[in-house]
1. Looking at (1) assigned to a helix (DSSP H, G or I); (2) at pLDDT below 85, which one does S40 not meet, given that it meets all the others?
2. Which of the residues spanning the stretch 31-48 are surrounded by 12 or more Cβ atoms within 10 Å (Cβ to Cβ) and of a type outside the set (S, T, Y)?
3. Which of the residues spanning the stretch 49-58 are touching a Ser or Thr at 6+ places or on another chain (Cβ under 8 Å) and surrounded by 12 or more Cβ atoms within 10 Å (Cβ to Cβ)?
4. Report yes if some residue within the stretch 53-67 is modelled with pLDDT under 65 and over 30 Å from K10 (Cα atoms); otherwise report no.
5. Taking interchain pairs and intrachain pairs at least six residues apart, which have beta carbon atoms under 8 angstrom, with the first residue in the stretch 10-25 and more than 13 Å from W45 (Cβ to Cβ) and the second of a type outside the set (V, I, T) and part of a helix (DSSP H, G or I)?
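The values are calculated or read from the model by the stated rules, or taken from the named source; none is laboratory data. Predicted model, so just to flag it, every value in this text is computed and none were measured. Quick reminder, even Gly has a Cβ in these numbers, built from the backbone with ideal geometry, and neighbours come from all protein chains shown.
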Amino acid sequence: MDMNDVKMMKIAEWSRLIKAANESHLSREKWCETNNVSESSFYYWQRKVRKYALDTIPGSDDAKPVNQAPDFYEITIPVENTAPIDVPSKSPAEKYPDVIADPGVITIRSGRFEIDIRESFSRQALKSVLEVIKHV
């Protein structure tokens with residue numbers, strides 16, 4: 001039996017123990033005491049099992065860290081709170097000839113709000129603005 005086999009046996013055993021601890025509904029301290037396991041060993045192996053699980057997920061090399069912001073934010077606006085969409089007969093360029101359209105800007109219009117978003121605008125700032133608008 002080589003070292004890799006031993007490691008796999010320990011991962012399997014600790015996976016079973018961690019699952020049992022989670023299903024027991026006991027506090028971690030109480031479960032460890034009841035099962036003669038030191039809390040430090042429990043948490044050490046819990047980290048090892050999680051790392052092993054993440055490392056063995058297909059395509060996990062490309063996966064984003066858990067705390068990284070997603071590339072897309074879904075915004076749900078209740079239908080009953082939305083105003084009818086006013087479809088202008090003229091394009092914005094025709095309606096406002098004195099304003100030069102900037103191809104590096106996205107404009108979001110909703111009700112009484114109009115937001116211009118430039119490339120340099122941070123995702124977090126946009127998310128915050130949209131959260132505020134959602135509650136207005």
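1. Failed condition: (2).
2. If the condition is that a residue be surrounded by 12 or more Cβ atoms within 10 Å (Cβ to Cβ) and of a type outside the set (S, T, Y), then W31, C32, E33, N35, V37, E39, F42, W45, Q46, K48 are the ones that fit.
3. V49, the sole residue that qualifies.
4. No.
5. Between residues of the stretch 10-25 that are more than 13 Å from W45 (Cβ to Cβ) and residues that are of a type outside the set (V, I, T) and part of a helix (DSSP H, G or I), the close pairs are S24/W31.
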